[in-house]
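Each remark here refers to the structure printed beneath this line.
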Amino acid sequence: MQSRTVSKSPVIKIKTPLQIRFSEVDSLRIVWHGHYIRYFEDGREDFAKKYDLGYMQVYRHGFSTPIVKANCDYVGSGYGAPSEGGQEAMKLFAELEGILLDPVYSAKGAAGLIDLVRKGHFKKDENIVFLHTGGSAALFGYDWAFNMEDRWTSVA
């Protein structure tokens, strides 16, 4: 296994409660993904307020923070279904960073990020932000996708 030094930079974060309207969910009460960009923008605005990073202040320092692209190329075989790339991303994030990803949404997003990095989509000195939306509790609901049946130990 590869050894790596991890810097102890301070973590800055924010939780933004969202009010989901009835019109934003389907008949299964699942939020339609087309609304996510607005939710990201709400979170970004709250983050900026908390850390005193207003749009004009950020602009005066030579930065901009637009959401310029939403990439849906890594959804895999379907809604709620883990992907092969997502499984690789889960393994990499857990082993190299100690970060648990849920098997579907965060893992697929991380798989997309990893693939774009490998394809040279980003410049070497470019800062990249990955939004981990949680969901690690879902890890235990996907045994069937990870061939875990043989890995459980009985304590009886």
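The values are calculated or read from the model by the stated rules, or taken from the named source; none is laboratory data. These figures come from a predicted structure and were not determined experimentally. Glycine also receives a Cβ, built like all others from the backbone with ideal geometry; neighbour counts cover every protein chain displayed. Heads up: the accessible areas ignore ligands, DNA and RNA and are worked out on the full protein's heavy atoms, side chains in. Shrake-Rupley method; radii C 1.70, N 1.55, O 1.52, S 1.80 Å.
Being outside any helix (DSSP H, G or I), at pLDDT 85 or above and not charged (D, E, K, R): is that true of Pro17 here? The answer is yes for Pro17.
Here Glu88 fulfils each of the conditions (1) surrounded by 15 or more Cβ atoms within 10 Å (Cβ to Cβ); (2) among the acidic types (Asp, Glu); (3) in contact (Cβ under 8 Å) with a residue 60 or more places away in the chain apart from (3). In the set (1) farther than 24 Å from Thr16 by Cα; (2) open to solvent by 70 Å² or more (accessible area, probe 1.4 Å), Met56 fails one condition alone, (1). Condition (residue is among the aromatic types (Phe, Trp, Tyr), assigned to a loop (DSSP other than H, G, I, E, B), closer than 26 Å to Gly78 by Cα and modelled with pLDDT of 80 or more) applied to segment 117-134: is it met by at least one residue? Yes, segment 117-134 has at least one match.
If you go through segment 91-105 and keep only what is more than 13 Å from Val75 (Cβ to Cβ), surrounded by 15 or more Cβ atoms within 10 Å (Cβ to Cβ) and in contact (Cβ under 8 Å) with a residue 24 or more places away in the chain, you end up with Ile99, Leu100, Leu101, Asp102, Pro103.
Quickly run through segment 131-146 and pick out the residues that are of a type outside the set (A, V, I, L, M, F, W, C) and open to solvent by less than 70 Å² (accessible area, probe 1.4 Å). Write out each step before concluding.
So in segment 131-146, the residues of a type outside the set (A, V, I, L, M, F, W, C) come out as 132-136, 141-143.
If the condition is that a residue be of a type outside the set (A, V, I, L, M, F, W, C) and open to solvent by less than 70 Å² (accessible area, probe 1.4 Å), then Gly134, Gly135, Ser136, Gly141, Tyr142, Asp143 are the ones that fit.
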